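Below: one structure, written as structure tokens.
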Amino acid sequence: MGLLLGGFAADRLVVHSAAARIWLLIVGMLGAAPCLHFLGTASGPGATKLAAACFGLFSGLYMSNAMASVLDVVQSSRHATAVGIMNMVGGVSGGLAAYLIGQLKTQYGMELMMSMMGATGAISLVLLLVAAFGYFPSDYSGTREAEFPVA
């Protein structure tokens with residue numbers, strides 16, 4: 001549901017704000033990060049299901065807009081490279097995170113590992129906010145000017 005909602009919302013909102021996709025990334029990360037902590041510390045099956053459902057919703061908002069938001073600030077001649085880099089970083093970081101959690105869970109416990117993943121998401125949220133406020137406006141307009149030069 002999060003993937004469908006995120007895509008639909010972005011397509012509707014980008015008409016009103018060029019930064020709509022990056023804001024949906026921020027909302028997705030804002031909701032998904034704490035859900036990782038709650039998944040690891042849930043007190044029972046009901047709380048676990050709720051945390052998992054909320055994580056799915058919010059991570060779907062994020063995932064449905066990750067590639068599209070990059071393409072908003074990268075010239076079309078570099079789209080394939082940008083998507084390739086995004087896929088590589090996602091694959092390597094996802095695999096590395098799973099490996100590290102597997103190695104460290106017996107030493108530190110799954111609860112702490114899930115909380116640490118949530119903390120990593122919170123750090124990513126801060127980086128997204130820096131990108132949204134510090135870089136997006138100039139990168140977006142620079143990309144548009146390069147694609148459609150003013151005569």
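When residue 80 is tested against (1) in contact (Cβ under 8 Å) with a residue 60 or more places away in the chain; (2) surrounded by fewer than 18 Cβ atoms within 10 Å (Cβ to Cβ); (3) closer than 30 Å to residue 137 by Cα, exactly one condition is not met: (1). Residue under question is residue 80, and the condition is that it be hydrophobic (A, V, I, L, M, F, W, C) and closer than 22 Å to residue 8 by Cα; does it hold? Here the answer is no, as residue 80 does not meet what is asked.
Yes/no matrix, rows are residues, columns are (1) more than 15 Å from residue 69 (Cα to Cα); (2) at pLDDT below 90; (3) surrounded by fewer than 11 Cβ atoms within 10 Å (Cβ to Cβ):
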| position | (1), (2), (3) |
| --- | --- |
| 92 | yes, no, yes |
| 99 | yes, no, yes |
| 107 | yes, no, yes |
| 111 | yes, yes, no |
| 119 | yes, no, no |
| 138 | no, yes, yes |
| 141 | no, yes, no |
| 151 | yes, yes, yes |
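Considering 99, 140, which residue is aromatic (Phe, Trp, Tyr), assigned to a helix (DSSP H, G or I) and out of contact with any helix residue (DSSP H, G or I) (no Cβ under 8 Å at 6 or more places or on another chain)? Just one listed residue meets the conditions, 99.
Among the criteria (1) surrounded by fewer than 19 Cβ atoms within 10 Å (Cβ to Cβ); (2) closer than 21 Å to residue 8 by Cβ; (3) not acidic (Asp, Glu), the one residue 59 does not fulfil is (1).
In summary, residue 143 fulfils each of the numbered conditions (1) under 26 Å from residue 8 (Cα atoms); (2) of a type in the set (Val, Ile, Thr); (3) free of Cβ contacts under 8 Å to residues at least 12 places away in the same chain with the single exception of condition (3). For residue 105, the criteria (1) under 21 Å from residue 17 (Cα atoms); (2) free of Cβ contacts under 8 Å to residues at least 12 places away in the same chain; (3) of a type in the set (D, E, K, R) hold in every case but one, which is (1).
The values are calculated or read from the model by the stated rules, or taken from the named source; none is laboratory data. Values in this document were obtained by computation on a predicted structure and should not be read as measured data. In this analysis, Cβ positions are derived from the backbone assuming ideal geometry, glycine residues included, and neighbour counts consider all displayed protein chains.
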